[in-house]
Amino acid sequence: MSKKRWEVFPGKNRFFCGGRIIMAKQINVFFVTLILIIGVCVLFFVFDSEYLSKHIHWSIPVIAGILLAFTLLFLFRTSFSDPGILPRATGDEALFNDRGADSSLDLNQSVTFRNPPRTKDIIVNGETVKLKYCFTCKIFRPPRASHCSMCDNCIERFDHHCPWVGNCVGKRNYRYFYLMIVTITILCIYILAFSIAHIVMLSQETDNSLISAMSDTPASVIEALIAFFAVWSVLGLAGFHSYLAGTNQTTNEEIKGQWAQRHGEVVRNPYTANNCCSNLAKILCGPSYSSLLRLQEDKNKEKKDLEQVKEKIDKLLQEQANGEQKKCRELWNASYDGSLEALAP
């Protein structure tokens, strides 16, 4: 019985819904994130929304619901999607790379071969960029790609592995990750502000005692405390990633100081547009990239496709050889006939 690609996937990932949802192996922290977001919002809707809609404005719970919906949408989009995993090399490709990328070698022969080069230099927008060889995936990683040790995959435009979303953050889901931390920051500030407003307004209605108001609505106190401690981390994270998006860098590049000044020489980032707005627009409004994994296809289909390609190549080579052989025969006949004419009296 043939298996789908996701059933025999070599990386350390979990798949759900027939391979349509892909996550990291450790997803416990993701559920903590989900419980915190939904739990605080439920407390807000149950204990604060009615009072605030009556005494301030009816739109307060509506706006909170919209912020929650967008936060969960971006969270699920980040957590459940392929972050940009690069397929590993096939058997022949891996053998070709392991033998030093020497095209003169016959892959069917058992010979001694040298290790592949660890790096290759390419030019990107006038700057030299090194391509590193991954000995796990048996490929030269594209620029900005890196191997995640948690998921055991090479990720295109790798940013970081985030346990809070239960997935890597890379080329295909960085946009949604950035939008998630921005919306969750706004949501935390929103809930913090209105839960405090609820407590203060209650204290003014009673005996002007803040303690008695807090005892009347302990849920608001819990919301305010969780939102207060959360807002510092998510606000700093949103600011940090706004800086990265504005300069078109990744967390991995920033931590390693890849575009920092070295030995007094300025290293230019070849991927930036030298304009904050252009870099942000490229990330937020750029094209959506298709997954390279094709997880829904049968594993045997790859072998069949390769066999068909090999048959077509062999057929073309045979036709080319027959054509060259026919041309040589015609040239020989023409030269032979010319020789006979020259020898004729």
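Read-outs throughout are calculated quantities, based only on the coordinates presented, and are distinct from any laboratory measurement. Note that the structure is predicted; figures quoted are calculated from it, not measured. Because the Cβ atoms are built from the backbone with ideal geometry, glycine has one as well, and the counts that use them run over all protein chains shown.
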Is there a pair in Lys12/Lys282; Lys138/Lys256; Lys132/Lys312; Lys171/Lys256; Lys130/Lys282; Lys120/Lys315 whose C-alpha atoms are over 29 Å apart, and which pairs would that be?
Lys12/Lys282; Lys132/Lys312; Lys120/Lys315
With an 8 Å Cα cut-off and a minimum separation of 6 or more residues, compute the relative contact order for the range 171-271 in percent.
28 percent
Taking a label point 7 Å from the Cα of Phe135 along the Cα→Cβ vector, which residues of the range 150-175 have an amide N closer than 19 Å to it?
150-155
Would the range 224-289 count as rounded, prolate or oblate if I go by the C-alpha gyration tensor, calling it rounded below 1.5 in a/c and otherwise prolate when a/b exceeds b/c, oblate otherwise?
oblate
For the range 174-274, Rg(Cα) over 2.2 N^0.38 Å is 1.65
What does the charge count near Thr119 come to, summing +1 for each Lys or Arg and -1 for each Asp or Glu among other residues with Cβ under 9 Å from its Cβ?
+3
Could you tell me which trypsin sites (Lys or Arg not before Pro) in the range 116-196 are loop residues by DSSP with no more than 16 other beta carbons within 10 angstrom of their beta carbon?
Arg118
Modelling each spin label as a point 7 Å along the Cα-to-Cβ direction, I'd like the Phe76/Val62 distance in nm, to one decimal.
2.3 nm
In angstroms, what radius of gyration and Dmax does the range 17-92 have, counting Cα atoms only?
18.7, 71
Please give the charge dipole size of the range 119-275, origin at the Cα centre, charges +1 on K and R Cβ atoms and -1 on D and E Cβ atoms. Round to the nearest 20 debye.
1200 debye
Name the residue farthest towards the positive end of the dipole of the range 178-294 from the options Ser203, Ala219, Ile191, assuming +1 on Cβ of Lys and Arg, -1 on Cβ of Asp and Glu, about the Cα centre.
Ile191
